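Report on the structure given below.
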C-alpha cells in the first residue's frame, strides 16, 4: 500500500498545526511570570471554555438539548456519579428526539 | 477525594491508576469518538483516501472537526496554507486550554506535561478539569480519557472505511450530545469551586452573542479570553484587614 505524496504533505501540515495548538498555550505561559493576578485570569478560562463548547449546540438544538443539559447538571448537583449524569443527559436527549 | 475549596491546589501527579480511571469514566466519550471515527472513515473512503492514509491522518492529527472539515472541502487544488488555516481555526481553543492548564501540569516537568497535552481533546479536558476541581490532580485522568478517545477514533476510522454505511445515526442515540453532557457536568461541579462568578457570566454572554451574530469557532476563544481578562482585572490581593476591597471571603 502506498501513500499519495500530496495526502502525506496534507497530513504533515495538519499534524504540525494540531500539535502546535495543543502545545503552544502551555509553553507560551512559561514566558509569563505566573503572578496571582495572572493565575486568577487563567483560573477563569476552563469554565468559559466549557460554556463556549456546550452552549452553541444547545442554542442550535431545541427542547431535547436544553432539557438534556439541565438534566445532566441537575444529576450532578444531586450528588450522583458523573458517569450517571452524562448517561442521563444523553438518554433524555435521545428519548425526547424520538418523542418530539 | 477531598472536597477542594476555591484556593485548594491538588498535587500534580501522573499515575497508571489515574490513567485507567480516566479511561473508565470517559467511556461514553470513547463511544462517541468511535461513532464519529466511523463517519470520518466513510468520508475518507468516499474522498478517495486509502485506509492507510485515513488511519495515519486520524492517528497523527486526532482532531475530528478539523479532519472532517478538510475532507469535506477536499480537492487536490486545496493549498496547504488553506488546510493549515482550517486546522488552526478549529483548534485554536486548545491554545487557551493549554495556557490555563499550565499551573497544574508544570510541576510534572516539560516532557510529561507535553505528552499529556498532545492527548487533549474537549471531552478529556472537561473530565480532567472536573476531577481537578474535586481535588484530584492526577494528569493520568487527562491522558487516559484522551488515549481512549484516540484509540476509538483510529479504530472507528478503520471500521468506517470498510463498513461505514451500516452505522446508525449518532444523533438518534444522543452521541452528538456527549460532549455537551461532559461540559455541563463539569460546569455544574465547578460552580462550588469558583470564587468569582463574574468572568463566567461574561463568558456566557460572549458565547451567546457570538452564536447569534457570528456562529463558528471564534465564540469559545473570545469567551475564554474575555473570562481571563475579567478574572485578572477583578483580582484583588488578599487583604485581611480591609474587608471593603475585593470579593467577600467565603
If only Cα atoms are counted, what is the Rg of region B:106-155, and what is its Dmax, in Å?
10.8, 33
Stokes-Einstein D for region B:8-163 (37 °C, 0.692 mPa s, Kirkwood Rh from Cα pairs), in µm²/s, comes to 203
What angle, in degrees between 0 and 90 and rounded to the nearest 10, separates the Cα long axis of helix B:16-25 from the longest principal axis of the Cα atoms of chain B?
70
Can you give the average number of partner chain beta-carbon atoms within 10 Å of each beta-carbon in peptide A:80-93, as a whole number?
6
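If each residue's Cβ is checked for other Cβ atoms within 10 Å, how do A:59, B:143, B:189 rank with the fewest at the top?
Exposure proxy ranking, most exposed first: A:59, B:189, B:143.
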Compute the helix-to-body angle for B:198-213: its Cα long axis versus the longest principal axis of chain B, expressed 0 to 90° and rounded to tens.
30
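Dividing the convex hull volume of the alpha carbon atoms of region B:95-209 by its residue count, what do you get in Å³ per residue? Walk me through the numbers on the way to the answer.
On the way: hull volume 15.9 nm³, N = 115.
Per-residue hull volume (Cα only) is 138 Å³.
Can you list the equivalent-ellipsoid semi-axes of the protein assembly as shown, largest first and in whole Å, using the square root of 5 times each Cα gyration tensor eigenvalue?
Its equivalent ellipsoid spans semi-axes of 33, 23, 19 Å.
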Distance histogram in 10 Å bins (all Cα pairs of region A:12-100, percent per bin)
14, 28, 24, 26, 6, 0
Mean per-residue count of partner chain Cβ within 10 Å for B:202-208 equals 5
Could you work out how far helix B:178-190 tilts from the main Cα principal axis of chain B, as a 0 to 90 degree angle to the nearest 10?
10
Running Debye on region B:150-240 with equal point scatterers at the Cα sites and no solvent, what base-10 log of I(q)/I(0) appears at q = 0.18 Å⁻¹?
-0.97
Compare the peptides B:222-229, B:71-78 by average per-residue count of other Cβ atoms within 10 angstrom and give them in order, highest first.
B:222-229, B:71-78
Average partner chain C-beta neighbours within 10 Å, per residue of B:111-118?
3
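Values quoted throughout were computed directly from the atomic coordinates according to the rules given, and no laboratory measurement underlies them. Since the structure is predicted, the reported quantities are computational estimates derived from the model, not experimental observations. Don't worry about glycine lacking a Cβ; one is built from the backbone with ideal geometry, like all the others, and counts go over all protein chains shown.
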